[in-house]
Amino acid sequence: MSEPLFSLKGLVKTYQNGEVNTPVLQGVDLKVEKGEFVALMGPSGSGKSTLMHILGFLDRLTSGSYLFSGRDVSQMTDDDLAHERSREVGFVFQSFNLLAKSTVIENVMLPMLYAKVPKKEREERAMNALRAVGIEHRANYVSNTISGGEKQRVAIARALVNSPSVIFADEPTGNLDTKSGEAVLAIFQDLHEKQGRTIVMVTHELEAAEFADRIVRIRDGVIESDEKNLNKRRGGYYK
């Protein structure tokens, strides 16, 4: 049997401010296999975003263990974490995080610029990623001139260009209307089912979580439930 993509055992995260300790995650056990679509649910302050930040190499655990593809993340240096983040992970955020005055394709090419990919290859890979989310016709539009739903598609394309092992989506529909949000969720479902992408989505909305195959609920820093989604919603045609 192959290694899980993530394997957490007794993971604890405590923030320190002077002499004040604030526990956020309190002994989390979790495994995610390659190719799963998992929704992390929980109310504000439950620890779900902190967990995603640790999984995505943006933050460090306080104690416990975190293995990524069998590698011990706690033993990685800051440079190692930065390397893993750029190579293994794609992020999609609620606020899109696009460069407003750059074109759509320039935004999508940005991660490859950091990786020193040649220009011709950057352009080809960026266009392929834009096609995958149905927005290649906006490639040369300035990012601040397109709709919120289109911006989130661009953010997904940007997350795809380096072919990461996992895509993390943090409240990806939070700034979108219902129709645009469902179109974005349909894209994630398509990437998961047709391309075998591993997706971990943080959300507080059950309607969004029901697009995933598995729903993990977190409350007060511990996993409250971890269940297969038996009420899976299907996305419509989004292109």
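A few points about this structure:
- Cα shape, the range 73-181, gyration tensor, a/c 1.5 rule: oblate
- Candidates per trypsin sites (Lys or Arg not before Pro) in the range 33-112, loop by DSSP, up to 15 other Cβ within 10 Å: K34, R60, K101
- The antiparallel fraction among DSSP beta bridges confined to the range 1-58 stands at about 100%.
- Across K48/K179; K34/K232; K194/K232; K31/K232; K34/K120, pairs whose alpha-carbon gap is larger than 28 Å: K34/K120
- Calculated from backbone phi, Karplus (6.51, -1.76, 1.60) coupling profile of the range 104-109 in Hz, x at Gly/Pro: 4, 5, 5, 4, 6, 6
- Sites matching GluC sites (Glu not before Pro) across the range 1-61 that sit in DSSP coil, with at most 10 neighbouring C-beta atoms within 10 Å: E19
- Distance between the range 1-45 and the range 163-231 - C-alpha centres, whole angstrom: 16 Å
- Share antiparallel - DSSP beta bridges, the chain, percent rounded to 5: 55 percent
- Taking amide H atoms as placed 1.01 Å from N in the peptide plane, the amide H of T198 lies under 5 Å from those of G35, I167, each 5 or more residues away in sequence or on another chain.
- Taking Lys and Arg as +1 and Asp and Glu as -1, the other residues whose beta-carbon sits under 12 Å from that of K119 total 0.
- Unit charges at the beta carbon, dipole of the range 182-231: most positive-side option, S225, G196, A212: G196
- An oblate overall shape is assigned to the range 74-126, the ratio a/c of its alpha-carbon gyration tensor axes (a ≥ b ≥ c) being 1.5 or greater and a/b not exceeding b/c.
- From helices alone, the chain scores -10000 deg cm²/dmol at 222 nm; the rule is -39500 (n - 2.57) for each run of n ≥ 4 DSSP H residues, then divide by the residue total.
- Longest DSSP-loop-exposure-free segment, chymotrypsin sites (Phe, Trp or Tyr not before Pro), the chain, at most 16 other Cβ within 10 Å: 1-140
- Rounded to the nearest 20 debye, dipole of the chain from Cβ charges on Lys, Arg, Asp, Glu: 720 debye
- Point-to-point label distance, K9-N229, nm (Cα→Cβ direction, 7 Å offset): 3.0 nm
- Summing +1 for each Lys or Arg and -1 for each Asp or Glu among the other residues whose beta-carbon sits under 14 angstrom from that of S65 gives +2.
- Once the gyration tensor of the Cα atoms in the range 1-111 is diagonalised, the equivalent ellipsoid follows with semi-axes of 26, 19, 15 Å, ordered largest first.
- Shape call, the range 137-194: gyration tensor on alpha carbons, a/c limit 1.5: oblate
- Rounded to whole numbers, the Karplus 3J(HN,Hα) couplings from phi for the range 219-225 are 8, 6, x, 10, 7, 8, 7 Hz, using 6.51 cos²θ - 1.76 cosθ + 1.60 with θ = phi - 60°, and x at Gly and Pro.
- Projecting the Cα atoms of N17, F168, I187 onto the charge dipole of the chain, computed from C-beta unit charges around the Cα centre, puts I187 farthest toward the positive end.
- Each residue of the range 7-16 was assigned a 3J(HN,Hα) from its phi angle through the Karplus curve 6.51 cos²θ - 1.76 cosθ + 1.60 (θ = phi - 60°); the sequence is 9, 10, 9, x, 6, 10, 10, 10, 8, 10 Hz, with glycine and proline shown as x.
- Positive minus negative residues near P4 (Lys, Arg vs Asp, Glu; Cβ under 10 Å): -1
- Pair-distance profile P(r), taking every C-alpha pair of the chain, with 5 angstrom steps and integer %: 1, 7, 14, 18, 19, 16, 12, 8, 4, 1, 0
Laboratory data are not the source of any read-out in this text; all were calculated from the coordinates shown. Worth saying up front: this structure is predicted, and the values here are computed from it rather than measured. Glycine also receives a Cβ, built like all others from the backbone with ideal geometry; neighbour counts cover every protein chain displayed.
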